[in-house]
1. Determine whether the range 142-157 contains at least one residue that is part of a loop (DSSP other than H, G, I, E, B), at pLDDT below 90 and exposed (fewer than 13 other Cβ atoms within 10 Å of the Cβ).
2. Just to verify a result, which residue in the range 42-80, among those that are at pLDDT below 90 and either assigned to a strand (DSSP E or B) or basic (Lys, Arg) (or both), is surrounded by the most Cβ atoms within 10 Å (Cβ to Cβ)?
3. Look through LEU186, LEU132 and report the one residue that is open to solvent by 50 Å² or more (accessible area, probe 1.4 Å), within 20 Å of ARG28 (Cα to Cα), modelled with pLDDT under 95 and not hydroxyl-bearing (Ser, Thr, Tyr).
4. With respect to LEU27, determine if the residue is of a type in the set (A, V, I, L, M, F, W, C), surrounded by 13 or more Cβ atoms within 10 Å (Cβ to Cβ) and farther than 18 Å from VAL174 by Cα.
5. Looking at PHE38, PHE87, which one is closer than 17 Å to ALA177 by Cα, open to solvent by 40 Å² or more (accessible area, probe 1.4 Å) and either assigned to a helix (DSSP H, G or I) or modelled with pLDDT of 90 or more (or both)?
6. Would you confirm whether any residue within the range 110-121 is modelled with pLDDT of 90 or more and among the aromatic types (Phe, Trp, Tyr)?
7. Yes or no: ARG165 open to solvent by less than 50 Å² (accessible area, probe 1.4 Å), modelled with pLDDT of 85 or more and not hydrophobic (A, V, I, L, M, F, W, C)?
8. Pairs needed: first member in the range 176-191, among the hydroxyl-bearing types (Ser, Thr, Tyr); second member anywhere, open to solvent by less than 70 Å² (accessible area, probe 1.4 Å); C-beta distance under 7 Å; at least 6 residues apart or different chains.
Amino acid sequence: MQTKTPKKKIRMNDIDRQTRAIFKSILRDIKVELGDEFDRNFEREAFFSQSWARRKSPTRPGGHILVDTGALRRSVRSEIRESSIVFFSDLPYAAIHNEGGEIKVTARMKRFFWYKYYSATGSFGRRKDGTLRQDKRNRQLTSEADFWKAMALMKVGGTIKIPQRKFLGKSPEVEAAVREIIEENLNEYINNINFNIK
């Protein structure tokens, strides 16, 4: 005597629930994967394979571009909002670095530049007789002081060009990562379906 296994009926509610679960899983995976990749842009000093413009100022020699205090890098966050993921930074200067552009020199900026100039010149190493040492540190400080002085001498209303150093946004690499995540999730779902349809 043969016993028949009971047929499992597939209901629309089950399919809708499973579809929502897959969609949520895809969004979570994209959020994690792209979050890691956008963070790595700061290490690569590039937007994936597109290198950032090199820094022209002599400040922080050898330091990573866009990573001084690390605040910009740490500020990048993401949120899942209904059917999408939003990556963003709340820092006011994040957009100008990501998109590039020009900023106008203000009186406040000029005061800051003078402060940086005097800080650099006050750090010069001196001999016992008061003369400046002719060492690598003083040469670095001299070029740094010259840079800040030139910035401080700019006129209020003048412009400073900020090159684009994109760390968030669309790219072929982003699209490829999203496609791969979607395919992996759908394949996993399909491989776990018990098709018992007659």
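The values are calculated or read from the model by the stated rules, or taken from the named source; none is laboratory data. What you see is a predicted model; the values in this text were computed from it and never measured. For neighbour counting, all protein chains shown are included, and Cβ atoms are generated from backbone atoms with ideal geometry for every residue, glycine included. Surface accessibility is based on the protein's heavy atoms, side chains included, excluding ligands, DNA and RNA. Shrake-Rupley method; radii C 1.70, N 1.55, O 1.52, S 1.80 Å.
1. Looking only at the range 142-157, we keep the residues that are part of a loop (DSSP other than H, G, I, E, B), and these are 153-157.
Retained after the next criterion (residues that are at pLDDT below 90): none.
No, because not a single residue in the range 142-157 is part of a loop (DSSP other than H, G, I, E, B), at pLDDT below 90 and exposed (fewer than 13 other Cβ atoms within 10 Å of the Cβ).
2. That would be ARG55.
3. LEU186
4. Criteria not met by LEU27.
5. Values: PHE38 fails: open to solvent by 40 Å² or more (accessible area, probe 1.4 Å).
None of the others qualify; the one that does is PHE87.
6. yes
7. yes
8. TYR189/ILE22
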